[in-house]
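Asks: Here it is: the structure, laid out below.
The values are calculated or read from the model by the stated rules, or taken from the named source; none is laboratory data. The structure displayed is predicted, hence computed values, not measured ones. Backbone-built Cβ (ideal geometry, glycine too); neighbour counts: all protein chains shown.
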Amino acid sequence: MSDSIFTKIINRQIPAKIVYEDEQVIAIDDINPQAPVHVLIIPKLEIENIVTLGGSVNSTLIGKLFDAVNKVAELTGCKETGFRVVINNGRNAGQEVEHLHLHLLGGRKMNWPPG
Ligand code: 5GP
């Protein structure tokens, strides 16, 4: 299987604006932002979706992803004002990139329910 677009970004084969990075996680600005702040939080290990994450990966990675959410919220100024975290999982949710990622959206008022 070929590397996902996010793995190529992690390997610096494709450029991206990196907001945060540590050993297990990278956070980048979304190329097509849906809010003033739209950051993708991505495990460096290529995991297809949340089912795969739950099934085969040490659950500490889930903690790492949410540690990164906290850090990105701080770095982008969203911690005080609030933000939304979204995972599109599978076809019905519109998942485009089959490499697990969290969307952190902020910088504006969010509507509910989402579309
Ligand atoms: P999904 O629909 O899979 O949850 O979200 C995939 C997201 O990745 C989309 O919001 C899309 O704009 C973003 N994306 C796709 N290709 C690239 C890319 O090459 N660079 C960056 N920074 N974001 C991308």
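Asks: Looking at region 1-18, I want the residues that are touching a residue at least 24 places away in the same chain (Cβ under 8 Å) and have a partner that is outside any loop (DSSP other than H, G, I, E, B) and more than 10 Å from the ligand (Cβ to nearest atom) with Cβ atoms under 7 Å, at least 6 apart or on another chain. Which pairs are those?
Replies: 10/26
Asks: In addition: Just wondering, is there one or more residues in region 45-56 that are within 14 Å of the ligand (Cβ to nearest atom), crowded, with 16+ Cβ neighbours inside 10 Å, within 19 Å of residue 104 (Cβ to Cβ) and charged (D, E, K, R)?
Replies: Taking every residue of region 45-56 in turn, none turns out to be within 14 Å of the ligand (Cβ to nearest atom), crowded, with 16+ Cβ neighbours inside 10 Å, within 19 Å of residue 104 (Cβ to Cβ) and charged (D, E, K, R).
Asks: Among the residues of region 26-41, write down those that are touching a Leu at 6+ places or on another chain (Cβ under 8 Å) and more than 10 Å from the ligand (Cβ to nearest atom).
Replies: Within region 26-41, 27, 35, 37, 41 qualify.
Asks: Scanning for something more than 16 Å from the ligand (Cβ to nearest atom), modelled with pLDDT of 95 or more and closer than 18 Å to residue 33 by Cβ, does region 80-91 turn up at least one residue?
Replies: The answer is yes, given that some residue of region 80-91 is more than 16 Å from the ligand (Cβ to nearest atom), modelled with pLDDT of 95 or more and closer than 18 Å to residue 33 by Cβ.
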